[in-house]
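One structure is given here, and the rest of the page talks about it.
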Amino acid sequence: MRPMGLGLAVALVLAILSPVGANAAPKSDSPPISKDQREKGMAAAPGLISAAGADCQLADARFIGEGTDTKTKAKTSLYELACTGNEGLLVEKTGDTVDTFTCVQANQPGPDGKVNPNHCVLPGNADPYAGLAAYIAKAGKSCTLAKGRAIGQSPTNAVFELACQNGDGYILETSAPPRLDKPATMEPCISFPPSSNVSCTLTDRAAQLAIVDRLVAKSGKACTIKDRRYVGATSSGTVFYEAACQEGKGFMLEAAANGDFQQAIDCAGADAIAGGCTLTDARQAKTEQAGMYTKFAAKAGFQCQVSGYAPLPGPSDKDVVELACSNRPDGAIGIFGASANDPATIIDCAHSELKSYRCTLTKASASYATLTADLKAVGRSTCQVSNARTVGVSADQKGYIEVACADGLAGYMIEYALAPTITAKTPIVCGEAKGISGGCTLPGNIK
């Protein structure tokens, strides 16, 4: 019988550092498992699982063999365990010391392409990667495994590379031995430089960046992709990528921790994300974008020479931005489609909060003339609006804005219809508006 002990550990370390490997079962002439091996394995397994701190609901076990180290004379026994719904293990016991290796590690070819003689052969471990499915799910990723390899193991952590059938690649980190009651994390391969100690070899950089194409397609943005890059990830797992388009535009693409599309942010408004776009000239993009918004706003009937804009959250197929104008003091919220042919919606800043959008690029006082005009439209021509606040929207979809008057007389609560357009309907003097969200509160309106 070949000596084991330290020899096994050294062989496995070499195997897990190998840059090759896949999830195919090893091709070797493994001897049949004897009844005696199974009986010894099953008898020793509970104690081994406890000593190793393994998360293993025992399904099968075998005793592989034992040997004595020629130098230390220490006796080492080796076992294989198959665990229901979890990764299979090789367990090495020397005295009171127990070491574990996953079947992924044990079955991976070494630098010479040969499989370690002491690999996993139990029927429950026929696919050594099947046990990692639970850790993929725990990490919250969507990955149907195509290939994989073990990268390395420390006393507390095990690291694997996974290549998914859709082309994505990940680095999976679990506890060692793997336990489902401990953290499992998956980071995209693109976040690991090829020169780093931990990197991916089963997918190339082009395949790793293919997610950018899928995110652009889901964004609804018109973009023939010219270049792509990985930008970074947040502590919550959100990942950002940049896409540069043949049309001259570019986008920051936000993906959720599970890879789902979140939003596309125009490079002209993405300066706050990791320093902004680098594949697209953001200054030129801002100028071009301002000109485009000027045309879109004019087509919608709002004459605004756009001097500044700020992207706002909105539907994935819409571009929602606040517009500041150089030719007029008041601004607006623009809701534009993916192309110039899509109908646009303009909500002036005087009424935008009734639609849950707040303007910050123009002064609030710039909207007072619009509110004064609203009062005149409903028969109140003596009030020059000097202050205003949006009260809110009622359950029956009526909007309310409180206004104060420059002459110091009592102000009003203006009631609005919200559809099909925002239209002033009824002026309610503040003395009679107590039943509307507590009534008027602006200075001068409280008597």
- Task: With unit charges on the beta carbon (Lys/Arg positive, Asp/Glu negative), name the residue among Ala373, Ala324, Val104 whose Cα is farthest towards the positive pole of the charge dipole of the chain.
- Result: Ala373
- Task: For the chain, divide the Cα radius of gyration by the Kirkwood radius and give the resulting Rg/Rh value with two decimals.
- Result: 1.22
- Query: Rg and Dmax of the stretch 24-171, using alpha carbons, in Å: what are they?
  - Reply: 15.7, 51
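Between beta-carbons, use under 10 Å as the cut-off and find the net charge around Gln262, counting Lys and Arg +1, Asp and Glu -1. Don't skip to the end; give the middle numbers.
Values: positive: Lys218; negative: Glu254, Asp260.
Result for the local shell: -1.
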- Which order do the peptides 98-110, 343-355 take when ranked by the mean count of other beta-carbon atoms within 10 Å per residue, highest first? 98-110, 343-355
- Task: Determine the principal axes of the Cα atoms in the stretch 156-234, then give the extent along each, sorted from largest to smallest and rounded to whole angstroms.
- Result: 47, 28, 25
- Message: Quick check on my link table: of Lys318/Lys363; Lys318/Lys398; Lys182/Lys218; Lys218/Lys299; Lys71/Lys93; Lys295/Lys318, which ones sit more than 22 Å apart, alpha carbon to alpha carbon?
- Response: Lys318/Lys363; Lys318/Lys398; Lys182/Lys218; Lys218/Lys299
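Quick check: residue separation of Lys71 and Thr278 times 0.36 nm, minus the Cα distance between them. What number comes out in nm? Working shown, then result.
Details: separation 207, 0.36 × 207 = 74.52 nm, distance 5.95 nm.
Working it through step by step, the gained length comes to 68.6 nm.
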- Applied in sequence order to the stretch 384-392, the curve 6.51 cos²θ - 1.76 cosθ + 1.60 (Karplus, θ = phi - 60°) yields integer Hz couplings, x standing for Gly and Pro, of 9, 5, 10, 7, 7, 8, 7, 7, x
- Item | Per-pair calculated FRET efficiency, R0 = 22 Å: Lys218 and Ser191 via Cβ, rounded to 0.05 | 0.60
- Note on the structure: So the compactness index of the stretch 241-301, its C-alpha Rg divided by 2.2 N^0.38 Å, takes the value 1.24
- Item | aspartates and glutamates whose Cα lies under 15 Å from that of Lys75, excluding same-chain neighbours fewer than 8 positions away | Glu66, Glu92, Asp96, Asp99
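In whole angstrom, how long is each semi-axis of the equivalent ellipsoid of the stretch 111-183, when you take the square root of 5 times every eigenvalue of its Cα gyration tensor and sort them from largest down? Kindly include the intermediate steps, with their values, before the conclusion.
On the way: eigenvalues 79, 53, 35 Å².
Largest first, the stretch 111-183 gives 20, 16, 13 Å.
Taking the Cα centre of the stretch 366-432 as origin and charging only Cβ (+1 Lys, Arg; -1 Asp, Glu), how large is the dipole, in debye to the nearest 20?
Dipole about the Cα centre, nearest 20: 120 debye.
Just order 384-394, 171-181 by mean Cβ neighbour count inside 10 Å, highest at the front, would you?
Numbers: 384-394: 17.6, 171-181: 20.0.
Descending packing order for the listed peptides: 171-181, 384-394.
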- Rank the residues Asp407, Asp396, Asp168, Asp112 as a footprinting-exposure proxy: fewest other Cβ atoms within 10 Å of their Cβ go first. Asp396, Asp112, Asp407, Asp168
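So what's the stretch 209-280 giving for Rg/Rh, alpha carbon basis, Kirkwood Rh from the mean inverse pair distance? It would help to have the intermediate numbers written out before the result.
Values: Rg = 10.8 Å, Rh = 11.8 Å.
My calculation puts Rg/Rh at 0.92.
Would you order Lys114, Lys71, Lys182 from fewest to most other beta-carbon atoms within 10 Å of each residue's own beta-carbon?
Details: Lys114 11, Lys71 8, Lys182 15.
Taking fewest neighbouring Cβ atoms as first place, the list is Lys71, Lys114, Lys182.
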- Could you tell me whether the stretch 295-447 comes out rounded, prolate or oblate from its Cα gyration tensor? Rule is a ≥ b ≥ c as square roots of the eigenvalues, rounded for a/c under 1.5, then prolate if a/b exceeds b/c, otherwise oblate. prolate
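Let me know the whole percent of all Cα-Cα pairs from the stretch 95-242 that are separated by more than 24 Å. Working shown, then result.
On the way: 4121 of 10878 pairs.
Of all Cα-Cα distances in the stretch 95-242, 38 percent exceed 24 Å.
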- Message: Using Cβ counts within 10 Å as a stand-in for footprinting exposure, how do Leu122, Leu253 rank, fewest first?
- Response: Leu122, Leu253
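Two-decimal Rg/Rh of the stretch 236-341 from alpha-carbon positions, Kirkwood Rh?
Values: Rg = 14.2 Å, Rh = 14.5 Å.
Reported Rg/Rh (Cα atoms, Kirkwood Rh): 0.98.
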- Please report the base-10 log of the normalised intensity I(q)/I(0) for the stretch 366-432, using a Debye sum with one equal scatterer per alpha carbon and no solvent, at each q in 0.13, 0.16, 0.22 (1/Å). -0.31, -0.47, -0.88
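Quick one: if the Förster radius is 41 Å, what FRET efficiency do Ser365 and Thr238 give, using the C-beta to C-beta distance and rounding to 0.05?
Details: r = 37 Å, r/R0 = 0.91.
Between Ser365 and Thr238 the formula returns 0.65.
Give the peptides 268-280, 39-51, 76-88 in descending order of average Cβ contacts within 10 Å, highest first.
Details: 268-280: 18.1, 39-51: 16.5, 76-88: 23.2.
Top of the packing list down: 76-88, 268-280, 39-51.
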- Inter-part distance where the stretch 397-447 and the stretch 171-219 are each reduced to a Cα centre, Å: 55
- Note on the structure: Note on the chain: contact order normalised by length, alpha-carbon pairs under 8 Å, 6 or more apart, percent, works out to 7
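Using every Cα-Cα pair within the stretch 398-439, state what percent have a distance larger than 15 Å.
Working: 353 of 861 pairs.
Of the Cα pairs, 41 percent sit more than 15 Å apart.
Read-outs: derived from the displayed coordinates by stated rules, not from any lab. Everything numeric here is computed off the predicted structure, so don't read it as measured data. Every residue, glycine among them, receives a Cβ derived from its backbone with ideal geometry; neighbour counts consider all protein chains shown.
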